[in-house]
Amino acid sequence: MSDIFISYSHEDTDLVRDMVSALEAEGFSVWWDHTIPPGKTWDYVTARGIKEAKACIIVWTPHSVISDWVKEEATLAKEGGKYLPVQVGTDQPPIGFRRIQAADLRNWNGNAKDSQWRMLITEAASLVRGELPAERPGQTPVTVSSRRPGNAKNRLLLGVAVAALLLIAGGGWWAMSRHAPPPEVQATQTPSPPQGTPPISSTKQAVFKAKATQLSRFLGIDADQLINGDVVNSSTLLHVLETSPRRVRLGSTQEQIDAAFALCEQYATGCQREWFADETARNVVLRPFKLDSTPVSVREFRQFVASSHYRTGAEINGVAYTAVDGRLNPVKGGNWRNAVGASTPEEEAAVVGVNYADAQTYCIKQGKRLPTEDEWEYVARGPEGHVYPWGDDVGPATVHSSLQPRVADGPSEGVGGAYHGLSGAVWEWVNTDVGVRKILKGGSWRETNPANKRAATRGYELPNRGNGSTGFRCAQSVAEWPDAELWMSQIRSS
């Protein structure tokens, strides 16, 4: 196992070779040759190299900033709390890697006494050997007194305080509200001090780290980067909340499937347990994305058609479908313009009668895409895993109307209550396949059984078929989670 893994673009081999020699002269062992043993794959060997190394130096150059391999390796290093960026011959790292300050080696000529080189060596030593760094790149300066171990009595008191906080945290005190930021934590906020103010005390730093660690675990973020971090403050925590992947559990447990079946039987006859068996619980990793707050409205789709002269599949084929007594029947001449033959659609109602390609084309035109099932369901249920987008109360799901609602009607839904129409508006296309069919989420206003309006419920449709109950909303991949400030406000307000 090497002390340091170096990620770089092969065009920069000569530069990196000099860097490796200098690191080895400092006493570090370095993995950089990227020789792949027989029978092994590139991604297996590099992933193992990053996992086993104690520090990962990412060499950002004009070549590496456009390398998907280097960016992937940098992501793994960040997730493992080993990320040490180096800037050579480029103004700044790529988007998503700019918040952590890089050692500036653009003018480095191999001089072991260069200040930026020494900063890199000090930081590497802190990760590899546990030596205390003077300052970590990108961190708020903290005086030595705030890091000093202290006497045995102080260490004992600090240990007791941290243990008590973590014990309290284990009790699940991060149960969050769907409609507002989560309840306040009863502890004192420890903001990063401006220069010239007294340092953060060790006890307050421990309190802040305990709160930050518990929040990260609640969101499914790898908390080791906080536990093992030398300093945790508002700035470093916000960066973690904004950029870290989230490991979440979606779908339904067997107990939840049984409950859905029982709920179905309360409102209908002939329910079958197998209808809900496809909601198998699954563990997934999600990277930052943003989901539109409402389904696409008729007005918005009309503007798209007017500007692009787009024709939907139903308009070209002269037919769409509508549900009658639980069966889809063709409607000649049905399309989005007439709500599949129902009436002149309300401009602020969700557009219907569009097939999967129509929805995807619209989203791409907006610089977006359709969400995956996992993305859609995570936003609807939140990290708490609620049954419905508004919470666990079945009440709103039992309300029915013969009129299609407008996209902004209904209760506040989803993470932070920032969404509408995730249940009981329209079935929504998502970019997830099961065989030849696409999955639909949400349950339309025509659903009379509340079991079909749960966030875990799946509908299915052929991708080339538009019907009178199906619409969509768009999503986009982003560098930072849009709800990071929501969760960070929990720390700031406490």
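Computed from the coordinates by the stated procedures, all read-outs in this text should not be read as laboratory data. Just so it is clear, the structure is predicted and the values come from calculations on it, not from any experiment. Every residue, glycine among them, receives a Cβ derived from its backbone with ideal geometry; neighbour counts consider all protein chains shown.
Taking a ≥ b ≥ c as the square roots of the Cα gyration tensor eigenvalues, with a/c under 1.5 meaning rounded and otherwise prolate when a/b beats b/c, else oblate, which class fits region 237-332?
The shape class here is oblate.
Holding the Cα-Cα limit at 25 Å, pick out from Lys365/Lys453; Lys290/Lys332; Lys71/Lys365; Lys51/Lys71; Lys78/Lys211 the pairs that are longer than that.
The pairs that break the limit, which is 25 Å between Cα atoms, are Lys365/Lys453; Lys290/Lys332; Lys71/Lys365.
Take the Cα pairs of region 285-477, get the Kirkwood Rh, then feed it into Stokes-Einstein at 25 °C and 0.890 mPa s and tell me D in µm²/s.
150 µm²/s
Could you give P(r) for region 336-418, binned at 10 Å from zero, as whole percent values over all Cα-Cα pairs?
The calculated distribution, bin by bin, is 15, 34, 40, 11, 0.
Taking all pairs of different Cα atoms in region 4-128, averaging 1/r and flipping that mean, what Kirkwood radius in angstroms comes out?
Computed over region 4-128, the radius equals 14.5 Å.
Please order Thr470, Thr90 by the number of other Cβ within 10 Å, starting at the fewest.
Thr90, Thr470
Scan region 299-389 for trypsin sites (Lys or Arg not before Pro) in coil per DSSP, keeping those whose Cβ has at most 12 other Cβ atoms within 10 Å, and list them by number.
Counting only loop positions with at most 12 other Cβ atoms within 10 Å, the trypsin sites (Lys or Arg not before Pro) in region 299-389 are Arg311.
Which ³J(HN,Hα) values, rounded to whole Hz and listed in residue order, are derived for region 368-382 from phi using the Karplus coefficients 6.51, -1.76 and 1.60 in 6.51 cos²θ - 1.76 cosθ + 1.60 with θ = phi - 60°, glycine and proline given as x?
Along region 368-382, the couplings run 10, 7, 7, x, 7, 4, 4, 5, 4, 5, 5, 4, 5, 9, x Hz.
Straight-line reach from Lys113: which aspartates and glutamates have Cα under 13 Å away, leaving out those fewer than 8 places along the same chain?
Glu26
As a footprinting exposure proxy, order Lys78, Lys113, Lys204, Lys71 by other Cβ within 10 Å, with the fewest listed first.
Taking fewest neighbouring Cβ atoms as first place, the list is Lys113, Lys204, Lys71, Lys78.
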